[in-house]
Amino acid sequence: MKVAIIGCGQLARMLALAGIPRGLQFCFVALPGEDPAPVEGLGEVVVWYGEEAVALYRRLGEPDRFTPEREQLPLGLLQGLNRLAPVYPSPESVAICQHRQREKSYINGLGLPTAPWQSVDAQTHWATLGTQLGWPLFVKSCEQGYDGKNQWRLSDEEAPAPPLNGEQAYLAEGGIAFERELSLIAVRSSGGEMAFYPLTENQHHQGILRCSLAPASALPEGMQERAEQMATRLLEAMEYVGVLTLELFEVAGELVINELAPRVHNSGHWTQSGSATCQFENHLRAITGLPLGSTQAHSPSAMVNLLGVHPPRPELCPNAKVHWYNKALREGRKQGHLNLTASDTHQLQQQAQALLEQLYPQEAGAE
Ligand code: ATP
Ligand code: MG
Ligand code: MG
């Protein structure tokens, strides 16, 4: 079976690396200007120049499945390809998740909680809105936002107005005073089978994920089950196929959904070392109609992102598994990650902390 991945970044790379040992073949669609270095040597790369889906499908050698590596893709292309071979997750699912307002309306429509939010534009009176939704206000573009880009935090009524332009849609959310950030990696196969990984605890630095710990420590009673119920509601409503990630805030013992990612996720990279079946393999099983693999964590795991830095010398991190994405070094860029496992959580946290201090000595620890 041949899987065409739309996108050539590290997620495409790790999907292929998980699927090749299972006998799957891969090819990749590069968007104009995209550097395919992360998928070099893993399958043919075809650049999409904007031609009709059928022409692209032929140039790719008529793959059996398509899977988008990211949510910001042209819907017309996904719909066109879906008439030739299944696109999983479906273009409809991607459409929901690629637009924040659509996504939040959809989540709330299923009775699931998000931060209070409202559409905004350059005319919005921020002081009034902040009083209604709660300070700080997070103003976000509805599309093309990731790693905290196209996003502004207004701490109070004194904050300068965000530089919104007339061409894009935006929304504002009330700030959630969360205790911590969690995520749930969920997966549903084309046959309707579902599985969920243990909740993961995530630490961000300047809007970018830096470290994940799994399973999340000291979870309130029933929280894993509540997260799985939320995910089930979403997966079934969308008739979703593949991995879906829920980014969550834990606040006063409850869960609030921050956003969804219709794909494998950075906060699920620990599953490469800490689980019998990694998120990449389960995504491929889901989209090719195979039974899902076990999502149990076999040991406490940590993932540390390499943001604009090389991995430490091997002798300094003998227990870490290095995943390097083959991308040119650039400040703050996700170049790779390290996975760690340990027999107990305390030991793991100490090792992860030591690594963070080595990698980012200019900052004190993970904050
Ligand atoms: P990603 O790279 O995860 O796609 P993104 O650019 O889509 O990021 P968000 O996930 O919406 O951005 O926000 C980035 C971070 O900002 C969150 O992980 C959280 O730390 C903080 N944040 C965003 N919205 C809120 C909110 N309403 N209340 C509190 N913190 C928030
Ligand atoms: Mg996002
Ligand atoms: Mg996010």
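Among the residues of region 203-230, which ones are over 23 Å from P300 (Cα atoms) and modelled with pLDDT of 95 or more? Even if it seems obvious, please write down each step before you answer.
Taking region 203-230 first, the residues over 23 Å from P300 (Cα atoms) are 206-207, 229-230.
Matches in region 203-230: Q229, M230.
Considering G130, G166, which residue is away from ligand 3 (no atom under 16 Å from the Cβ) and within 29 Å of L73 (Cα to Cα)?
Values: G130 fails: within 29 Å of L73 (Cα to Cα).
Residue meeting the stated conditions: G166.
Kindly indicate the residue of region 235-261 that is under 25 Å from G7 (Cα atoms) and surrounded by 24 or more Cβ atoms within 10 Å (Cβ to Cβ) and also farthest from ligand 3 (Cβ to nearest atom) among those meeting that condition.
At the first step, the residues of region 235-261 found to be under 25 Å from G7 (Cα atoms) are 235, 238-247, 258-261.
Pick out the ones that are also surrounded by 24 or more Cβ atoms within 10 Å (Cβ to Cβ) and you get 240-246, 260.
Working: Y240: 18, V241: 22, G242: 18, V243: 15, L244: 14, T245: 9, L246: 10, L260: 9 Å.
Checked region 235-261; the qualifying residue farthest from ligand 3 (Cβ to nearest atom) is V241.
Can you tell me which residue in region 355-367 is farthest from L213 (Cα to Cα), limited to those that are modelled with pLDDT of 90 or more and in contact with a Cys (Cβ under 9 Å, 6 or more places away or on another chain)?
If we take residues in region 355-367 being modelled with pLDDT of 90 or more and in contact with a Cys (Cβ under 9 Å, 6 or more places away or on another chain), then Q358 is farthest from L213 (Cα to Cα).
Which one of these is farther than 30 Å from L338 by Cα, surrounded by 22 or more Cβ atoms within 10 Å (Cβ to Cβ) and modelled with pLDDT of 95 or more: V47, V87? Don't jump to the end; show me each part of the working.
Details: V47 fails: surrounded by 22 or more Cβ atoms within 10 Å (Cβ to Cβ).
On inspection, the qualifying residue turns out to be V87.
Checking F66 against (1) touching a Cys at 6+ places or on another chain (Cβ under 8 Å); (2) touching a residue at least 40 places away in the same chain (Cβ under 8 Å): exactly one of these is not met. Which one?
For F66, the exception is condition (1).
Scan region 232-268 residue by residue and report those that are away from ligand 2 (no atom under 16 Å from the Cβ), within 17 Å of S190 (Cβ to Cβ) and either free of Cβ contacts under 8 Å to residues at least 40 places away in the same chain or not in a strand (DSSP E or B) (or both). Write out each step before concluding.
Applying the first criterion (away from ligand 2 (no atom under 16 Å from the Cβ)) to region 232-268 yields 232-233, 235-242, 250-255.
When the remaining residues are screened for being within 17 Å of S190 (Cβ to Cβ), the result is 232, 235-242.
Those that are away from ligand 2 (no atom under 16 Å from the Cβ), within 17 Å of S190 (Cβ to Cβ) and either free of Cβ contacts under 8 Å to residues at least 40 places away in the same chain or not in a strand (DSSP E or B) (or both): T232, L235, E236, A237, M238, E239, Y240, V241.
Tell me, yes or no, whether region 213-229 has at least one residue that is small (G, A, S), within 16 Å of ligand 2 (Cβ to nearest atom), within 19 Å of the chain's Cα centre (by Cα) and not in a loop (DSSP other than H, G, I, E, B). Please lay out each step first, then the result.
Let us first name the residues in region 213-229 that are small (G, A, S), namely 214, 216-218, 222, 227.
Next, only the ones that are within 16 Å of ligand 2 (Cβ to nearest atom) stay: none.
No; the residues of region 213-229 include none that is small (G, A, S), within 16 Å of ligand 2 (Cβ to nearest atom), within 19 Å of the chain's Cα centre (by Cα) and not in a loop (DSSP other than H, G, I, E, B).
Of (1) surrounded by fewer than 20 Cβ atoms within 10 Å (Cβ to Cβ); (2) touching a strand residue (DSSP E or B) at 6+ places or on another chain (Cβ under 6 Å); (3) of a type in the set (A, V, I, L, M), A127 satisfies all except one. Which?
Among (1) surrounded by fewer than 20 Cβ atoms within 10 Å (Cβ to Cβ); (2) touching a strand residue (DSSP E or B) at 6+ places or on another chain (Cβ under 6 Å); (3) of a type in the set (A, V, I, L, M), A127 violates only (2).
So if I check each of L133, L154, L184, which one is within 15 Å of ligand 1 (Cβ to nearest atom) and under 17 Å from the mean Cα position of the chain (by Cα)?
Details: L133 fails: under 17 Å from the mean Cα position of the chain (by Cα); L154 fails: under 17 Å from the mean Cα position of the chain (by Cα).
From the options L133, L154, L184, the qualifying one is L184.
Can you tell me which of E181, E193, E143 is touching a residue at least 60 places away in the same chain (Cβ under 8 Å), within 16 Å of ligand 2 (Cβ to nearest atom) and surrounded by fewer than 19 Cβ atoms within 10 Å (Cβ to Cβ)?
Working: E181 fails: surrounded by fewer than 19 Cβ atoms within 10 Å (Cβ to Cβ); E193 fails: within 16 Å of ligand 2 (Cβ to nearest atom).
Unique residue meeting the criteria: E143.
Within the set of pairs 6+ apart or on separate chains, which have a first residue in region 70-94 that is over 25 Å from G191 (Cβ atoms), a second that is surrounded by fewer than 22 Cβ atoms within 10 Å (Cβ to Cβ) and of a type in the set (D, E, K, R), and C-beta atoms under 7 Å apart?
Q72/E143; G80/E52
Out of the residues in region 245-272 meeting the condition of being among the β-branched types (V, I, T) and over 16 Å from G9 (Cβ atoms), tell me which one is farthest from ligand 1 (Cβ to nearest atom).
At the first step, the residues of region 245-272 found to be among the β-branched types (V, I, T) are 245, 251, 256-257, 264, 271.
Next, from what is left, pick out any that are over 16 Å from G9 (Cβ atoms): 251, 256-257, 271.
Numbers: V251: 9, V256: 8, I257: 11, T271: 18 Å.
Of everything passing the filter in region 245-272, T271 is farthest from ligand 1 (Cβ to nearest atom).
Identify, from the list L164, L129, L133, L154, the residue that is under 30 Å from V304 (Cα atoms), free of Cβ contacts under 8 Å to residues at least 60 places away in the same chain, away from ligand 2 (no atom under 16 Å from the Cβ) and not charged (D, E, K, R).
Values: L164 fails: under 30 Å from V304 (Cα atoms); L129 fails: under 30 Å from V304 (Cα atoms); L133 fails: under 30 Å from V304 (Cα atoms).
On inspection, the qualifying residue turns out to be L154.
The values are calculated or read from the model by the stated rules, or taken from the named source; none is laboratory data. The structure presented is a predicted model; accordingly, all values stated were derived computationally and were not measured. Reconstructed Cβ throughout: ideal geometry from the backbone, glycine too, with neighbour counts over all protein chains shown.
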